[in-house]
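> I'd like to ask you about the structure that follows.
The values are calculated or read from the model by the stated rules, or taken from the named source; none is laboratory data. These figures come from a predicted structure and were not determined experimentally. As a convention, Cβ positions derive from the backbone with ideal geometry for all residues, glycine included, and neighbour counts pool all protein chains shown.
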Amino acid sequence: MAEFVDSFEAMSKVGPAVTVFGSARAKKTDPYYRKAERLGGLLVEHGYAVITGGGPGIMEAANKGAQQAGGVSVGLNIRLPTEQKPNPFINTLIEFKYFFTRKVGFVKYASAFVMFPGGYGTLDECFEALTLIQTSRIERFPVILVGHEYWGGLCDWMRKAMEKPGRISRSDLDLFSCVETPEEIVEQIARWRTKHTTAAPKPS
């Protein structure tokens with residue numbers, strides 16, 4: 001309960017935000033690291049704070065881009081026995097012991113989810129968001145997958161093994177999109193905000 005109260009209090013001051021997920025193992029030489037860093041800066045330019053899991057890799061890159069652009073850079077860090085230490089590019093750090101309270105922070109204050117290539121944690125967050133939207137537990141917002149090379153096989157499998165036999169509806173596949181560049185991500189988010197609200201954030 002304390003984690004909910006503390007995180008709600010801190011996050012309520014953040015303003016419109018986009019949550020970015022991805023591998024903690026991505027190196028600075030990884031093309032997706034550079035894309036995430038670029039995205040962090042672009043989101044700030046368009047009036048958004050950037051929220052990540054606070055760790056290294058893709059999370060660090062997105063936080064770095066946001067901080068260096070002079071924006072709000074938020075890290076929702078999880079305390080684990082062996083990992084992970086918060087990255088140094090966070091302006092607002094919130095520590096969690098429990099995954100489920102942390103997940104609420106990711107979802108409650110996000111205008112969009114951006115999923116870079118990652119591991120189990122990234123997939124978990126992706127499908128949890130899609131399930132919550134599909135079942136109308138949360139208001140729909142953009143869920144954007146970055147990189148056809150990484151996500152393409154999964155998307156094909158979903159169409160063949162899930163949608164074709166009727167395990168999900170065709171419309172369920174429209175709950176997410178797959179793009180390549182940071183510019184496409186920002187364009188999709190801006191288009192969604194323009195269509196669904198009259199209170200889009202002002203560019204910085």
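> If you go through the stretch 9-22 one residue at a time, do you hit one that is in contact (Cβ under 8 Å) with a residue 12 or more places away in the chain and assigned to a helix (DSSP H, G or I)?
yes
> Still on this model: May I ask you to say which residue of L132, L123, L145, L93 is touching a strand residue (DSSP E or B) at 6+ places or on another chain (Cβ under 9 Å), free of Cβ contacts under 8 Å to residues at least 60 places away in the same chain and assigned to a helix (DSSP H, G or I)?
Just a single option satisfies the conditions, and that option is L123.
> All but one of (1) at pLDDT 95 or above; (2) part of a helix (DSSP H, G or I); (3) of a type outside the set (D, E) hold for T101; state the number of the condition that does not hold.
With respect to (1) at pLDDT 95 or above; (2) part of a helix (DSSP H, G or I); (3) of a type outside the set (D, E), T101 is out only on (1).
> Would you mind stating whether K103 is surrounded by 14 or more Cβ atoms within 10 Å (Cβ to Cβ) and in contact (Cβ under 8 Å) with a residue 24 or more places away in the chain?
Against the criterion (surrounded by 14 or more Cβ atoms within 10 Å (Cβ to Cβ) and in contact (Cβ under 8 Å) with a residue 24 or more places away in the chain), K103 qualifies.
> Assess whether N87 counts as being assigned to a strand (DSSP E or B) and in contact with a strand residue (DSSP E or B) (Cβ under 8 Å, 6 or more places away or on another chain).
Against the criterion (assigned to a strand (DSSP E or B) and in contact with a strand residue (DSSP E or B) (Cβ under 8 Å, 6 or more places away or on another chain)), N87 does not qualify.
Residue by residue, here is whether (1) surrounded by fewer than 17 Cβ atoms within 10 Å (Cβ to Cβ); (2) farther than 29 Å from G152 by Cβ; (3) among the polar types (S, T, N, Q) holds:
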| residue | (1), (2), (3) |
| --- | --- |
| M59 | no, no, no |
| G65 | no, no, no |
| G75 | no, yes, no |
| L93 | yes, yes, no |
| F99 | yes, no, no |
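> Determine whether E139 is surrounded by 14 or more Cβ atoms within 10 Å (Cβ to Cβ) and not small (G, A, S).
Here the answer is no, as E139 does not meet what is asked.
> What residue, of V143, V186, is within 24 Å of A49 (Cα to Cα) and either in contact with a Phe, Trp or Tyr (Cβ under 8 Å, 6 or more places away or on another chain) or acidic (D, E) (or both)?
V143 is the lone residue from the list that is within 24 Å of A49 (Cα to Cα) and either in contact with a Phe, Trp or Tyr (Cβ under 8 Å, 6 or more places away or on another chain) or acidic (D, E) (or both).
> In addition: Are any residues in the stretch 48-58 under 17 Å from M11 (Cβ atoms) and not in a loop (DSSP other than H, G, I, E, B), and if so, which ones?
A49, V50, I51, T52
> Out of all the residues in the stretch 159-173, is one or more over 30 Å from A69 (Cα atoms), modelled with pLDDT under 95 and either out of contact with any Leu (no Cβ under 7 Å at 6 or more places or on another chain) or of a type in the set (S, T, Y) (or both)?
No: zero hits.
> When you scan the stretch 37-47, do you find a residue that is of a type in the set (D, E), out of contact with any strand residue (DSSP E or B) (no Cβ under 8 Å at 6 or more places or on another chain), within 15 Å of I185 (Cβ to Cβ) and part of a helix (DSSP H, G or I), even just one?
Yes, the stretch 37-47 contains at least one residue that is of a type in the set (D, E), out of contact with any strand residue (DSSP E or B) (no Cβ under 8 Å at 6 or more places or on another chain), within 15 Å of I185 (Cβ to Cβ) and part of a helix (DSSP H, G or I).
> For A110, which of the numbered conditions (1) touching a residue at least 24 places away in the same chain (Cβ under 8 Å); (2) out of contact with any helix residue (DSSP H, G or I) (no Cβ under 7 Å at 6 or more places or on another chain); (3) part of a helix (DSSP H, G or I); (4) of a type outside the set (D, E, K, R) fails to hold?
Status for A110: all satisfied but (3).
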